[in-house]
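FYI, it's all coordinate maths here, none of it is from the lab. All of these numbers come straight from a predicted model, not from anything done at the bench. As a convention, Cβ positions derive from the backbone with ideal geometry for all residues, glycine included, and neighbour counts pool all protein chains shown.
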Amino acid sequence: LGPRFPSRKTQQHLNEQHWELRRENRLRKGKLSLIMGFLSGLVGSGIGFSTAMMSNAIRKIPLSREPWYHVIFGVVGFWAGAKYPSIEKQMIYEINEARADKGLPPLVGTYNYFQYKEDGTADL
């Protein structure tokens, strides 16, 4: 019969594979976070731009009048949209703290959107 435990060389190989997978997951998570922040920023920018257009439409002036408002509202909307994921992560953390104070279990989300630790707090 062979040895019950893997040899030191096999253990090293498994350990290297483990850390390589963790590194790949961290890179993938970083890319997803960047994409999610950028896409939410684009949505926010669209909302800001639409707000400026709607303001002109309600006042019944040409839609392209005062274009600097379109830019300002678009930039502010992009900033707010890009900030939204971090605000949501912080909110989950605070909700879990409040639930822990009441003796309730933490909210556990999917591992596709926010990465949660075992105690239910989000990785910030």
Going by average Cβ density within 10 Å per residue, which order do the peptides 97-103, 73-79 take, highest to lowest?
73-79, 97-103
Relative to the present Cα-Cα distance, how much length would full extension add between ALA100 and ASN15 at 0.36 nm per residue of separation?
27.1 nm
